[in-house]
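The values are calculated or read from the model by the stated rules, or taken from the named source; none is laboratory data. Everything numeric here is computed off the predicted structure, so don't read it as measured data. Ideal geometry is used to build each Cβ from the backbone, glycine not excepted, and the neighbour counts take in all protein chains shown. Calculation scope for accessible area: heavy atoms of the full protein, side chains included, ligands and nucleic acids excluded. Shrake-Rupley method; radii C 1.70, N 1.55, O 1.52, S 1.80 Å.
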Amino acid sequence: MTKYRIENGVLRCPVAGQRQTNLYVDAGKIVAVGDSCDGFAEAVLVDARGKWIMPGIVDLSVSLREPGLKQKGSIESETYAAVKGGVTTVCCSPLSNPVNDSEAISHLIGEQARKAGYARVLPVGAMTSRGEGKQLSAYYALRSAGCIAVSHSRDCAIEPQVLRRCFQYARTHDLTVFMEPQETTLAQDGCVNEGVLSARLGLVGIPHLAETLMVSQSLLLAKETRVRLHLSQLSCAESVAMIRQAKANGVAVTADVTMHHLLLTENDVEPFDGRYHVLPPLRCESDREALIQAVSDGTLDAIVSQHAPHEQAAKQAPFGETEPGVSSIELLLPLLFRLVETTGLDLDTVLPLLTTKPAAIAGLTEYGLQAGAVADFVIVDPDKRWKVNASEMRSRGKNTLFSGVELPCSVEKTFVAGQNVYDCTL
Amino acid sequence: MSYPLHADEIQLNQNGQLRHFLTVEGLSKALLEEILDTADSFIEVGARSIKKVPLLRGKTVINLFFEPSTRTRTTFELAAQRLSADVLNLNISTSATSKGESLSDMLQNLEAMASDMFVVRHAQSGAPHFIAKSVCPGVAIINAGDGRHAHPTQAMLDMLTIRQHKGRVEGMVVAIVGDILHSRVARSQIRALLTLGAAEVRVIAPQTLLPFEPEALGVSVFHNMQAGLRDADVVIMLRLQKERMEGALLPSESEYFKLYGLDDQKLAYAKPDAIVMHPGPINRGVEIASEVADGPQSVILNQVTNGIAIRMAVMSMAMSGQIASAQNRS
């Protein structure tokens, strides 16, 4: 395995702190951090002067589309897009075709990811068989096959009794429950926020209540069952208020928000442009402000890409008939810098939400930029500004919301387990 | 409330001429008045023995109706024929898309047949925008009703009718009654009325038939006919789809008619010379009583007649805008 000395970069790490130093990498690990390392003979020297070295990004919400949806993306194409965006670990949603509700599919995903050799992939299993919300999946088998959690998707109804048993069974097997909170009958046929936008454009709106009702129910069930609950992709001010209260009451809950919900609102929606069809929908400015506040005060624990690549045809239809989702993973880290630039948030506040905190939720140990940690890290140029060009994206999906937007940071190199898996110069 | 207008830039060419007619939103008062004036000039064509002018001679207009409609399709067809266009009617629900062809592919095929204009009705809000922007930018698209979004020619024929009977739209107090939530007609009427300077636009409906934030549309909201119709110059009744009467939206036809159906007694709340409009087809005894529908204040049949003139106006203006755009490009 190649030995690397990363020289004179500035560490930006919630664990290791901030300072200019060298990083020594061997056999997939960071063996030392400092001015020198006795007896270390590097094979490759990387000059990182003027660059920042950051821990690899951990993305809790990614659809890799394989198996079954390769017209949208493959594990190879999307994990390469991930490392281009500084993401070294992706938690892979079970929403493939078939849904990942089995040991066999989990193994297949792991195998394909290893073969591709880019980002680390941690599968998340479906909470119910075929994701239908009716029958428990085999949690023991899923966990044995490497699943770090079980999840329930927003577009499937699930009765409280079934959900309660899922929570109980997840607790039995020490699995975290990922919930995308949405009460399906309230959201039925909806494609935008219920509010000014839906009133004006005549598109079917999804009320805040569709999310908050399920957040409330999930929190109550988590309190009762004492499962580790992770609420994913929140969009409403009321949701984060409830989570803040639940945390104060000792409920074991964590939560995330997508990068696009922190940066955009329904006012940014280009009317009838299917790229803006995302679920949950982009909400109001007051919601965005509440989400930013929740990032700032620690109520939210992670920022995710909610990467959902689509083939062109999936977005080429009248708005309500397009498939929801954005291709976003390869912009995740640069967008973090845009978030810092455009809001009152500072990098030291938000960086843990893409690194240490999601790493903990995903159960990653040996994480960070300290000696002994797994060598998952990113070298970025914090001063290199560039414009997003959708056609140049490495993801098979070109369905970005940020085409033409100038971003304030560029990913130069990405290392996963000590391997240089992305280099912008190559 | 101000709205971003970028969505509507596609409707106009570089000279500010209409090249598609997708929505009233974002169009200027001057342009709406130009449509009304042009329509005025076409009204006499319908009274001639030979009801034709040569403005679209040699042009091909395709009526693309993805939803069933008789009245609207017929008036568009008549309007195109009176402009001397060749007209083709396609009922899409029973043809191409049922064979699995995508909307984009089907439209590109039709465009490749050198069509000049598509008149589009579709169940999805924004479908004509999608067609104009992504699929057929070189063909003039006229929206004949999309989902819950817009029915701009219906709104303009209503404006023409108001202007004919009241002399102007400016300063009028207009009450729109019924299913605002699902109504593309109401959304377009509201924008047109506000752009043309109506003094007040009121919507009257139970909460279940209103959008979440109706005030954002620029209207006053009433749940009560007596208060909502007070001193109204114009009363527009909306069609209430009977399928919406059941379930959780409304309890029954009889309760709806009792509270929101327009009869002589409720009409008396409005100004004595108020006119009564309805986009049709009307459900007698559900949203309107026969004595009102056929009464002296009803202008419902005038609306139908005006529909042809408005559609002629919009089609001729959009075609001329498209031709000007093409000339600029070449």
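Please enumerate the residues belonging to region B:14-71 that are open to solvent by less than 20 Å² (accessible area, probe 1.4 Å) and within 14 Å of chain A (Cβ to nearest Cβ).
Correct list: B:HIS20, B:LEU22, B:THR23, B:VAL24, B:GLU25, B:LEU64.
Conditions (1) open to solvent by less than 20 Å² (accessible area, probe 1.4 Å); (2) of a type outside the set (Gly, Ala, Ser), marked per residue:
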residue	(1), (2)
A:SER106	yes, no
A:GLY133	yes, no
A:CYS147	yes, yes
A:PRO160	no, yes
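For residues that are of a type in the set (Val, Ile, Thr) and either more than 19 Å from the chain's Cα centre (by Cα) or at the interface with another protein chain (Cβ under 7 Å from one of its Cβ atoms) (or both), tally how many sit in region A:309-329.
Quick first cut of region A:309-329, residues of a type in the set (Val, Ile, Thr) only: A:322, A:326, A:329.
Restricting the remaining residues to those that are either more than 19 Å from the chain's Cα centre (by Cα) or at the interface with another protein chain (Cβ under 7 Å from one of its Cβ atoms) (or both) gives A:322.
Residues in region A:309-329 being of a type in the set (Val, Ile, Thr) and either more than 19 Å from the chain's Cα centre (by Cα) or at the interface with another protein chain (Cβ under 7 Å from one of its Cβ atoms) (or both): 1 in total.
Could you please let me know if A:ASP59 is surrounded by fewer than 17 Cβ atoms within 10 Å (Cβ to Cβ) and not polar (S, T, N, Q)?
Taking the combined requirement at face value, the residue does not satisfy it.
How about region B:240-281: which of its residues are outside any loop (DSSP other than H, G, I, E, B), of a type in the set (Lys, Arg) and open to solvent by 50 Å² or more (accessible area, probe 1.4 Å)?
Initially, region B:240-281 is screened for residues outside any loop (DSSP other than H, G, I, E, B), giving B:242-244, B:253-260, B:262, B:264-267, B:275-277.
Now restrict to residues that are of a type in the set (Lys, Arg): B:242, B:244, B:258, B:266.
Those that are outside any loop (DSSP other than H, G, I, E, B), of a type in the set (Lys, Arg) and open to solvent by 50 Å² or more (accessible area, probe 1.4 Å): B:LYS242, B:ARG244, B:LYS258.
Got a number for residues in region B:224-239 being open to solvent by 50 Å² or more (accessible area, probe 1.4 Å) and within 15 Å of B:GLN207 (Cα to Cα)?
The total comes to 1.
Out of the residues in region B:304-323 meeting the condition of being in contact with a Lys or Arg (Cβ under 8 Å, 6 or more places away or on another chain) and of a type in the set (Val, Ile, Thr), tell me which one is surrounded by the fewest Cβ atoms within 10 Å (Cβ to Cβ).
Among those that are in contact with a Lys or Arg (Cβ under 8 Å, 6 or more places away or on another chain) and of a type in the set (Val, Ile, Thr), it is B:VAL304.
Can you name every residue in region A:32-53 that is in a loop (DSSP other than H, G, I, E, B) and either at pLDDT 95 or above or surrounded by 12 or more Cβ atoms within 10 Å (Cβ to Cβ) (or both)? Spell out how you get there, then give the answer.
So the first thing to find is which residues in region A:32-53 are in a loop (DSSP other than H, G, I, E, B), and the list is A:35-43, A:48-51.
Selection gives A:CYS37, A:PHE40, A:GLU42, A:ALA48, A:ARG49, A:GLY50, A:LYS51.
Go through region A:197-224 and give me each residue that's touching a residue at least 12 places away in the same chain (Cβ under 8 Å) and over 23 Å from A:ALA241 (Cα atoms).
So in region A:197-224, the residues touching a residue at least 12 places away in the same chain (Cβ under 8 Å) come out as A:197, A:201, A:203-219, A:221-224.
Result: A:LEU197, A:LEU201, A:LEU203, A:VAL204.
For region B:109-144, enumerate the residues that are within 11 Å of chain A (Cβ to nearest Cβ) and either part of a loop (DSSP other than H, G, I, E, B) or surrounded by fewer than 24 Cβ atoms within 10 Å (Cβ to Cβ) (or both).
Taking region B:109-144 as the starting set, the residues that turn out to be within 11 Å of chain A (Cβ to nearest Cβ) are B:120, B:122-135.
Within region B:109-144, B:ALA123, B:GLN124, B:SER125, B:GLY126, B:LYS133, B:SER134, B:VAL135 qualify.
Which of the residues belonging to region B:197-223 are open to solvent by 10 Å² or more (accessible area, probe 1.4 Å), away from chain A (no Cβ under 11 Å) and part of a loop (DSSP other than H, G, I, E, B)?
B:GLY197, B:ALA198, B:ALA199, B:PRO206, B:HIS223
What about A:ARG283, is it among the basic types (Lys, Arg), under 20 Å from the mean Cα position of the chain (by Cα) and assigned to a helix (DSSP H, G or I)? Before you say what the answer is, go through the steps one by one.
On the way: among the basic types (Lys, Arg): yes; under 20 Å from the mean Cα position of the chain (by Cα): yes; assigned to a helix (DSSP H, G or I): no.
No, not satisfied.
Which members of region A:196-245 meet the condition of being open to solvent by 10 Å² or more (accessible area, probe 1.4 Å), among the aliphatic types (A, V, I, L, M) and more than 14 Å from chain B (Cβ to nearest Cβ)?
Scanning region A:196-245 gives A:LEU213, A:MET214, A:LEU219, A:LEU220, A:LEU221, A:ALA237, A:ALA241, A:MET242.
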